[in-house]
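Participant: So that we are looking at the same thing, I have put the structure below in structure tokens.
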Amino acid sequence: YLTDYDIIAIIGVLRDKDYETICRNCLPLVTDVITVTTPGIRSLDALTLAKAARAYHDRVTAADSVFEAVELSLLTAKVREQETNKKQAVIAFGSLSYLGEVIHLMKHKEQIRSDLHGK
């Protein structure tokens with residue numbers, strides 16, 4: 001379904017999952033990777049996941065929060081679309097524990113001021 005799109009991935013996984021294999025199998029298919037810390041006591045922090053992801057991809061960013069990950073993904077999509085004139089898709093995957101927040105933020109993405117990121 002997304003063969004004509006560049007894909008920006010938001011990924012967050014639990015530390016007891018095989019995140020190395022997830023990175024190896026999924027990350028070569030995307031253009032950008034944003035890692036997040038999943039909630040709960042089994043969480044894998046975004047920096048550890050980013051370190052693992054960098055073995056399979058060179059465009060990896062660890063976000064401080066799910067909000068920041070969504071913000072960065074929207075900003076990245078906007079910039080890459082302008083640069084490449086190619087459609088962009090954001091896909092969030094990994095643990096279900098953070099996906100509800102991603103869905104909520106994407107439904108209200110008009111309220112996210114990604115143009116202000118880092119300012």
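Participant: Can you give me the relative contact order of the chain as a percent, contacts being Cα pairs under 8 Å and 6 or more apart? Could you put the intermediate results ahead of the total?
Facilitator: Numbers: 195 pairs, mean separation 37.2, N = 119.
Result for the chain is 31 percent.
Participant: How big is the antiparallel share of DSSP beta bridges in the chain, given as a percent to the nearest 5? Mind showing how you got there, number by number?
Facilitator: Numbers: 1 of 16 bridges.
Of the beta bridges lying entirely in the chain, close to 5 percent run antiparallel.
Participant: How do T35, T76, T61 rank by accessible surface area computed with a 1.4 Å probe, from largest to smallest? Walk me through the numbers before you get to the answer.
Facilitator: On the way: T35 0, T76 35, T61 65 Å².
Accessible-area ranking of T35, T76, T61, largest first: T61, T76, T35.
Participant: Please express the shape of the chain as an equivalent ellipsoid: the semi-axes are the square roots of 5 times the eigenvalues of the C-alpha gyration tensor, given largest first in whole angstrom.
Facilitator: Working from the Cα gyration tensor, I get semi-axes of 22, 17, 12 Å.
Participant: Pairs K78/K109; K78/K107; K17/K51; K17/K109: which are spaced more than 22 Å apart, C-alpha to C-alpha?
Facilitator: Listed pairs above 22 Å: K17/K109.
Participant: So, with +1 on the Cβ of K and R and -1 on the Cβ of D and E, and no other charges, what is the size of the charge dipole of region 1-98 about its Cα centre, to the nearest 20 debye?
Facilitator: The dipole magnitude comes to about 140 debye.
Participant: Another question, then. Report the one residue of V70, C23, V36 whose Cα lies farthest in the direction of the positive end of the charge dipole of region 10-80 (charges on C-beta: Lys and Arg +1, Asp and Glu -1; origin at the Cα centre).
Facilitator: Farthest towards the positive end: C23.
Participant: Please list, in chain and number order, the residues 5+ apart from S95 or on another chain whose amide H is under 5 Å from its amide H, with Hs placed from the backbone.
Facilitator: Close amide H contacts, sequence-distant or interchain: G12, V13, L14.
Participant: Around Y19, what is the net charge, scoring Lys/Arg as +1 and Asp/Glu as -1 over all other residues with Cβ under 13 Å from its Cβ?
Facilitator: Net charge around Y19: +2.
Participant: Who wins for biggest fluctuation among K87, K107, K51 in a Gaussian network model of the chain, springs between alpha carbons below 10 Å?
Facilitator: K107
Participant: Let me make sure I get this right: for region 24-91, a, b and c are the square roots of the gyration tensor eigenvalues over alpha carbons, sorted descending. Under 1.5 in a/c it's rounded, otherwise prolate if a/b > b/c, else oblate. Which is it? If you can, show how the numbers build up before the last one.
Facilitator: Values: a/c = 2.55, a/b = 1.52, b/c = 1.68.
Oblate, because a/c is 1.5 or more while a/b does not exceed b/c.
Participant: Explain nothing, just compute: Karplus ³J(HN,Hα) = 6.51 cos²θ - 1.76 cosθ + 1.60, θ = phi - 60°, for every residue of region 47-61 in order, whole Hz, x for Gly and Pro.
Facilitator: Per-residue couplings from phi come out as 5, 5, 5, 4, 4, 5, 5, 5, 6, 10, 7, 9, 10, 10, 10 Hz.
Participant: Given the DSSP H assignment, sum -39500 (n - 2.57) over each helix run of at least 4 residues in the chain and divide by its residue total; what's the result at 222 nm in deg cm²/dmol, nearest 500?
Facilitator: -11000 deg cm²/dmol
Participant: If I build a Gaussian network model for the chain, linking alpha-carbon pairs within less than 10 angstrom, which residue out of V33, V13, V79 has the largest mean-square fluctuation?
Facilitator: Maximum among the listed residues: V79.
The values are calculated or read from the model by the stated rules, or taken from the named source; none is laboratory data. Note that the structure is a prediction, hence the values are computed from the model and not measured. Cβ atoms come from the backbone with ideal geometry, glycine included; neighbour counts cover every protein chain shown. Accessible surface is based on the protein model in full, side chains and every heavy atom, while ligands, DNA and RNA are left aside. Shrake-Rupley method; radii C 1.70, N 1.55, O 1.52, S 1.80 Å.
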